[in-house]
1. Amide H to amide H under 5 Å from G257: which residues, 5+ apart in sequence or cross-chain, H placed 1.01 Å off N in plane?
2. Just to be sure I understand the model, the point goes 7 Å from the Cα along the line to the Cβ. What's the resulting E228 to M71 distance in nm?
3. Quick check on the exposure proxy: order R547, R305 from fewest to most C-beta atoms within 10 angstrom.
4. Taking neighbour Cβ counts within 10 Å as the exposure measure, how do E462, E312 sort from fewest upward?
5. Taking 30 Å as the cut-off for C-alpha to C-alpha distance, list the pairs among K29/K233; K162/K184; K162/K233; K144/K240; K144/K233; K29/K184 that go past it.
6. May I have the convex hull volume per residue, in Å³, for the Cα set of segment 459-613?
7. What does the net charge come to around F570 if you take all other residues with beta carbon closer than 13 Å to its beta carbon, with K and R at +1 and D and E at -1?
8. Order these by the 10 Å Cβ neighbour count, fewest first: K159, K130.
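Taken together, the values in this text are just the output of simple stated rules run on the coordinates, not laboratory data. Predicted, not measured: the structure shown is a model, and the values here were computed from it. Here the Cβ positions follow ideal geometry from the backbone for every residue, glycine too, while neighbour counts run over all protein chains shown.
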Amino acid sequence: MPKIRILSDNVANQIAAGEVVERPVSVIKELLENAIDAGATRISIEFRNGGRNFMSIEDNGVGMTRDEALMALERHATSKIRATEDLDTIQTFGFRGEALPSIASVSQFTLRTRTADSPLGTEIFVSGGKYVHCRDVGMAPGTKIEVASLFANVPARLKFLKSENTEAAHITRTIRLYAVAHPKIAFTLWENGREIFRSPANLDMIDRVAAIWGRQLADELIPLTPAEAFGMKVSGLIGKPGVSRSSRQEMVTIVNGRPVDNRTMAYSLVESYHTLIPRGRYPLAFLFLEIDPHAIDVNVHPAKREIRFRDESRVRNFLINTVLGTLSPQETEAPEPARPIPATPFRTEPNPMPSPATEVRVPARDYSVGQGDRGNVLTMPARSGEVSPRPLAAPPSAPKPPESPVPAKLPEKASAVPAFRQWRFFGKLAGDNVAVFQAGEGLLLLNIRFARERIAFERVLERFRTAAPVSQQLLIPEPLEFDPIQADALNRNLPTLNAAGFEIEEFGRNFFRVNAVPDWLDAGADVAACVRDLVARIARLPADFSRANVAHETLARLAGAHASSASENFDAEKIGILLRELFACSQPNVSPNGQKIFVEISHQEISRKFGLL
């Protein structure tokens, strides 16, 4: 067994760098937070080749003396905390004292700094964790750090980096988050010698979002009515009712000036919009929360991406009440500090059961309707060549019908599906999204939205298998601006999308123009929303979208999602057509996302609910 030894400082720093410095954006984030902690009012960031070759951050903060600069490169050297108790009241971004030595151990690291009362500044150069020189340098007060040849001495780490465009997209998004979070600081970002954005200090919040994130996004936001209660303050911008995205990329939450990912805040926003946007969608938001440092824990993640609240239920309800107060001020009053907030918000839902006076009956003009003791029966004749599926359960008084042959394309698990032509349609529930039938020995509930998803999904897949894509030109091209990460994903996959029936072209950095869409996309669909959803799906894909099967399935899922979200009133006639199209699918049991399309409740189960068995 090898002998136990104490690791050298250089090896220890490289191990720490594995947690702190995951990729170039980690370096930018750590140095940017140090600049903010130093009281800077102007910060300039520059990077080249996705940050692999060169990164630089310059600020006009307080700077450091020579002794402080040398001490800053030692492990666990920090000016932010002194004792364990300080961890409970952290008001700065950095506090561990690991960032600078970790970065210097895996790069060519140059630190230049000067305080306002020093005639000269200090320059320190470290190469791969080895000290090279320390000398005087002329410079303005502040600090400038340059990081070159990242991971040059750890080539194995280079293999895990993504393309230059992807790494650049992550850097740009991070700078945008901090630029929005600190409106009193002027930010400038340069990439490969080209200015990406410039945000002056003290802009109005809407103007700042427009300057950093684009005017298209800013036009979809409204000011959040500021509120203060229980030692918390909240302000910011939220999306207009009805405006949503398929990902959380534009749902930005900031706590005490720190951009964070927090489930409590995300849930509060989604819950506030539960009646204003479709389920599974996410609202737009730039939410600023100020809270006592005692009430949060930022020492959760090595990269400080996450925080925890001491009293999550109070924060959740405070945010929900505030957002609802902006979205529907006539119904929601501001919370009173003296009145305790319940742990869970309570909502009264309207009774979704259909009224007997408006019970939907099956029209006789398109279906053969038999009258008997059991009411109206759908007896839809099979189309030519169509095979009737096997029933789920037969009435006890009738002999069991012979099993019908199953089409070859049906998987074995999908062979036992209800004989839908004998279903008796009663009406709809759950916001008209569930159709109720009597079938066999019980009730059968059909999810209309999931059924529409399955039909559209298989229809588009079949189109890809049997015919070349056909495009339909837009009368007016649709201009779109994307988040840098999503813009990179779209840029990389433009050939695949254009081969699938789209016609999208780059129209500037992070700007694109949609000239045509596939003909399977509904003519009345919101093209901008469809393309944004598609790009968000591509950015989240673990597989390579350029592969034909991956691209076709992703596009078919998009078609299904938008077909199910389209507003349409399903009467008995349309329900019958929907059933016929559903059971012509190869998988009528489940939606493309795996949810059950229909469920059966037997008479025995109903009797047990009433205690009759």
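1. Amide H neighbours of G257: L289.
2. In this crude label model, E228 to M71 measures out at 3.7 nm.
3. R547, R305
4. The most exposed by this proxy come first: E462, E312.
5. Violating the 30 Å limit, Cα to Cα: K162/K184; K162/K233; K144/K240; K144/K233.
6. So the per-residue Cα hull volume is 166 Å³.
7. My count for the surroundings of F570 gives -1.
8. Listing K159, K130 from fewest to most nearby Cβ atoms yields K159, K130.
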